[in-house]
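The values are calculated or read from the model by the stated rules, or taken from the named source; none is laboratory data. Note that the coordinates shown come from a computational prediction; the quantities given were computed from them, not determined experimentally. Cβ placement follows ideal geometry from the backbone for every residue including glycine, while neighbour counts extend to all protein chains displayed.
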Amino acid sequence: MPNPAYEVDQLISPKAIAARVETLAREITTHFSGTDKLIVVGLLRGSFIFIADLVRELDLPVEVDFLEASSYGDATTSSREVRILKDLRGEIAGRDVLVVEDIVDTGFTLSHVLHLLKIREPARIKVCALLDKPSRREVNITADWIGFEIPDEFVVGYGIDYAQRNRNLPFIGKVSFV
């Protein structure tokens, strides 16, 4: 079945995103100063642009790894069933870990991922999310650093997709179905 027609209106500009990424990187660098190597875990696929920009701004030795979890598929709402599609390649036991997420919505995916990672006994684990939708939260979870708090809108761009489209937009846009 084809996707419904929709329009995308800019919600957060590329300039605002870049400025916020710089600020987040400074705060994260300060928090993890003294670490011998920070393992930055990107949650695929929506975080790939954000993580690339963020790690370039970190003034720390970093290792990057990825974990792919899904609770949406091609839908616009969470199924609340989290599936791990790709696990980490490296070990995190005893290491400092920063999980980078594109958006915290219901909280189910992030909660599941953090539980999975904490079992592996990292020294510290923190979360940085580009976007936060607290009005949608169904699980008591918050990110340590948040780029932008947004209303309950379906968004795309800057790595975030709708049915694998619009990841390449340089801004965060609100989707309006027509």
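Of the residues examined, Pro122 is not one that is closer than 25 Å to Asp9 by Cα and at pLDDT 95 or above.
Across region 84-121, what is the number of residues that are hydroxyl-bearing (Ser, Thr, Tyr) and crowded, with 19+ Cβ neighbours inside 10 Å? Walk me through it before giving the result.
First pass over region 84-121, keeping only residues hydroxyl-bearing (Ser, Thr, Tyr): 106, 109, 111.
Among the residues that remain, those that are also crowded, with 19+ Cβ neighbours inside 10 Å are: 109.
Residues in region 84-121 being hydroxyl-bearing (Ser, Thr, Tyr) and crowded, with 19+ Cβ neighbours inside 10 Å: 1 in total.
Within the bounds of region 11-25, is there any residue that is among the small types (Gly, Ala, Ser) and closer than 19 Å to Ala123 by Cβ? Show your work before the answer.
Residues of region 11-25 that are among the small types (Gly, Ala, Ser), as a first pass: 13, 16, 18-19, 25.
Next, only the ones that are closer than 19 Å to Ala123 by Cβ stay: none.
Checking region 11-25: not a single residue is among the small types (Gly, Ala, Ser) and closer than 19 Å to Ala123 by Cβ.
A search for C-beta distances below 8 Å between a residue of region 100-117 that is on the phi > 0 side of the Ramachandran plot and any residue that is surrounded by fewer than 19 Cβ atoms within 10 Å (Cβ to Cβ), counting only pairs 6+ apart in sequence or on different chains, returns Gly107/Arg137; Gly107/Glu138; Gly107/Val139; Gly107/Asn140; Gly107/Ile141. When restricted to residues that are more than 18 Å from Asp161 (Cα to Cα), outside any strand (DSSP E or B) and touching a helix residue (DSSP H, G or I) at 6+ places or on another chain (Cβ under 6 Å), region 35-66 contains 5. Looking across region 85-134, the residues that are more than 25 Å from Ile150 (Cβ to Cβ), touching a strand residue (DSSP E or B) at 6+ places or on another chain (Cβ under 7 Å) and of a type in the set (Val, Ile, Thr) come down to Ile92, Val97. Scanning region 1-34 for residues that are modelled with pLDDT of 95 or more, farther than 17 Å from Phe148 by Cα and in a loop (DSSP other than H, G, I, E, B) yields Phe32, Ser33.
Looking at Ala75, Ala69, just one residue is surrounded by 19 or more Cβ atoms within 10 Å (Cβ to Cβ), outside any helix (DSSP H, G or I) and at pLDDT below 95, and that residue is Ala69.
With the requirement that a residue be of a type in the set (S, T, N, Q) and surrounded by fewer than 18 Cβ atoms within 10 Å (Cβ to Cβ), what does region 134-178 give you? Spell out how you get there, then give the answer.
Our first condition is that a residue be of a type in the set (S, T, N, Q); within region 134-178, this holds for 135, 140, 142, 164, 166, 168, 176.
Scanning region 134-178 gives Ser135, Asn140, Thr142, Gln164, Asn168, Ser176.
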